[in-house]
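> Let me begin by handing over the structure; questions about it come next.
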Amino acid sequence: MFNTNPQRILRIAVIVALACVSHPSVLANDASLVRTLKSHVSHQRFSRAHLGVKVIALPSGRTVFDFQGGKLFKPASNAKLFTGALVLDRFDPGHRLQTSCYTIGKPGADGSVAGDLIIYGRGDSSFSPRFHRGDLRKPFRAFAKAIHAGGIRNVSGNLVADSSYFNIPPFGSGWTWDDLLETYGAEVSALSVNDNVADINVSAGSAVGDPVRIESRPRLLPFQVSNRTITSAAGGGRQLHDHRRFLRNELTLTGSLGIDEKGAHYEFTIRDPGLWFGLLLKRELEELGIKVAGKVVSHDWNSRVLNPIPAGQLHHVASVTSPTMLELNRVMMKDSQNLYAQLLLLQAGIRFPQTGMDAQEAAIKDLERFVKGAGISSNEVNLEEGSGLSRRTLLTPDALVQLLAYMSRHPRAKEFRSTLTIAGRDGTLSNRMKGTAAENNVRGKTGSLNGIKSLSGYVKNRSGQELVFSILLNHHTQSGASARLALDKIAVTLAESSGVYR
């Protein structure tokens, strides 16, 4: 039998009313948002895919919505959130990386070097046009001027490009062979140039029957191009085919290009970017009158084992510094640059080395310590490189929202947020969610691989409540644009909601 005592009923009513005052979203707002999100995740477009969505409120950490938040997914570039957070936790945001010039023994009073000029890299990614308003030569000119100011005038030996700082293979763990031919899978090196990618432009020859014109940018490349093409008559169209020898700086172009056709643009990753670095620097040195009698040679960590530098004999000539770690991190995150992510992760491996481990393994071990310190369960995170390019990388939406919540109260929370891309404004979200409540509101990280889309970040709803969300989508066979719109729709729904969660 139910207790129908009027006083008891009144007391229960008061308790329920107080609960609704302290948690106003328990009723209409919360229920409405949950219904809308459920309709999104149950849409037919996801019927054959794997989808996970987790939303929590800050600062309470209260769960707002959870759909398979504890399942493991391939996150693509959402993994960079862990790399970016680790870097800001372990390094001062103002820390800079050095690229240095050494000689073996002190140069003569007249600036002569009786031996090699050694260029030693430490993973600075900023020898790239994106850091210098499109001018790749600018950082090399600055380095050459510093070497000139260091008194060097004549080198009898070689210019040695030394990338042995990282004792690692040239690619991230778990990167697949076909990634290595794509610009997003560029080789990892302590001496990197132009994101380790060469641009090659092809245009019609001057007359029918001529080979097509092939121009590289920059012009100085450690790259052999075999031109087996022909300029065809007007109306001949574009019938060009490129063949890149796997892991070799060799390209063959065949086919034809109509004389009235627009040209073609190719981007190719460069093997041994340290050698390319040396070639570009040697040109700038010679323009300043510094003569290098020998050739450009390169050494990675493996070849340095066989050809070690004599201990205690290095003489420092000059160094140039990178942008700050915060700026390197910001460019990596906003542009979702895989090479930069891996280079930044490796810095942790160098700073916190582990006996018997290479720099990547040591960095992952340090990342595991960071994850534990953030209160995230180890069985929700499986990272083995810094970019998310590895298909063996697995994360849960729970882990991502926990990371974002942790970084929201981190001493460098402001710096971390500044690295995230802003919807409708910059980075990989510059053209997304425009004209919605999410524009200039969502701050997050995108991710994209074949069949994989992800979006995680922060958003404020109409009540000013900050929400943390993670959306991971795997095995999605529809178009990438369709998947991105579906994920954006969830983020916009959060921005348009009005619940208050305490």
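> Quick one: give the max-minus-min coordinate of the C-alpha atoms of the chain along each principal axis, largest first, in Å.
The principal-axis extents, from largest down, are 104, 65, 35 Å.
> Trypsin sites (Lys or Arg not before Pro) within the stretch 40-138: which are DSSP loop residues with at most 10 other Cβ atoms inside 10 Å?
Working: sites: Arg45, Arg48, Lys54, Arg62, Lys71, Lys80, Arg90, Arg96, Arg122, Arg130, Arg133, Arg137; in loops: Arg48, Arg62, Lys71, Arg122, Arg133.
In loop regions of the stretch 40-138 (DSSP not H, G, I, E or B), the sparsely surrounded trypsin sites (Lys or Arg not before Pro) are Arg48, Arg133.
> To continue, here is another question. Can you pull the Rg over Rh of the stretch 259-388, Cα-only, Kirkwood?
1.06
> Computing the accessible area with a 1.4 Å probe over protein heavy atoms, can you report the carbon and sulfur percentage for the stretch 225-300? Can you show the working numbers first?
Details: 1750 of 3760 Å².
Ligands and nucleic acids excluded, carbon and sulfur give 47 percent.
> Calculate, for Arg141 and Gln354, the FRET efficiency according to 1/(1 + (r/R0)^6) with r their C-beta to C-beta distance and R0 25 Å; round to the nearest 0.05.
On the way: r = 39 Å, r/R0 = 1.55.
For Arg141 and Gln354, the calculated efficiency is 0.05.
> While we're here: Checking a compactness column here: for the stretch 189-307, what do you get for Rg(Cα) / (2.2 N^0.38 Å), N being the number of residues? Walk me through the intermediate numbers first.
On the way: Rg = 17.5 Å, N = 119, 2.2 N^0.38 = 13.5 Å.
With N residues counted in the stretch 189-307, Rg over 2.2 N^0.38 Å equals 1.30.
> Over the chain, average the accessible area per residue using a 1.4 Å probe and give it in Å², no decimals.
Values: 22430 Å² over 502 residues.
So the chain comes to 45 Å² accessible per residue, rounded to a whole number.
> Using all Cα-Cα distances in the stretch 343-437, what percent lands in each 5 angstrom bin from 0 up to the longest?
Each 5 Å bin holds this share of Cα pairs: 2, 12, 15, 19, 23, 14, 8, 3, 1, 1, 0.
> At a 1.4 Å probe, what is the % contribution of carbon and sulfur to the accessible area of the stretch 315-451?
Values: 2350 of 5120 Å².
Carbon and sulfur together cover 46 percent of it.
> Just to check I understand the Karplus step: with θ = phi - 60° and J = 6.51 cos²θ - 1.76 cosθ + 1.60, what whole-Hz values come out for the stretch 123-134, glycine and proline as x?
For the stretch 123-134, the Karplus-derived couplings read x, 6, 8, 7, 7, 8, x, 5, 9, 9, 6, x Hz, x marking Gly and Pro.
> Taking all protein chains as present, what is the carbon and sulfur share of the accessible area of the stretch 38-105, in % to the nearest whole number, probe 1.4 Å? Could you put the intermediate results ahead of the total?
Working: 1230 of 2740 Å².
Its accessible area is 45 percent carbon and sulfur atoms.
> Right, next: Between the alpha-carbon centers of the stretch 196-230 and the stretch 142-181, tell me the distance in whole angstrom.
Taking the Cα centre of the stretch 142-181 as reference, the centre of the stretch 196-230 is 26 Å away.
> Could you pull the Rg and Dmax for the stretch 206-249, using just the Cα atoms, both in Å?
That works out to 12.8, 36 Å for Rg and Dmax.
> With the Cα gyration tensor of the stretch 104-212 in hand, give its eigenvalues times 5 under a square root as the equivalent ellipsoid semi-axes, listed largest first in whole angstrom.
Calculated on Cα positions only, the semi-axes equal 32, 23, 14 Å.
> As a test of understanding, state the convex hull volume per residue of the stretch 30-188 from its alpha carbons, in Å³. Numbers along the way, then the final one.
Numbers: hull volume 34.4 nm³, N = 159.
Residue-normalised Cα hull volume stands at 216 Å³.
> Calculate, in nm to one decimal, what Arg502 and Ala31 gain on full extension: separation in residues at 0.36 nm each, minus their alpha carbon distance. Intermediate results must be reported in sequence, preceding the final value.
On the way: separation 471, 0.36 × 471 = 169.56 nm, distance 1.55 nm.
Taking Arg502 through Ala31 to full extension adds about 168.0 nm, to one decimal.
> May I ask you to evaluate 6.51 cos²θ - 1.76 cosθ + 1.60, the Karplus curve with θ = phi - 60°, for each residue of the stretch 109-114 and list the ³J(HN,Hα) values in order in whole Hz, giving x for glycine and proline?
Rounded to whole hertz, the list is 4, 8, x, 7, 10, 8.
The values are calculated or read from the model by the stated rules, or taken from the named source; none is laboratory data. In this text the structure is predicted, and so the values were computed from the model without any measurement. Every residue, glycine among them, receives a Cβ derived from its backbone with ideal geometry; neighbour counts consider all protein chains shown. These accessible areas exclude ligands, DNA and RNA; they are computed on the full protein's heavy atoms, side chains included. Shrake-Rupley method; radii C 1.70, N 1.55, O 1.52, S 1.80 Å.
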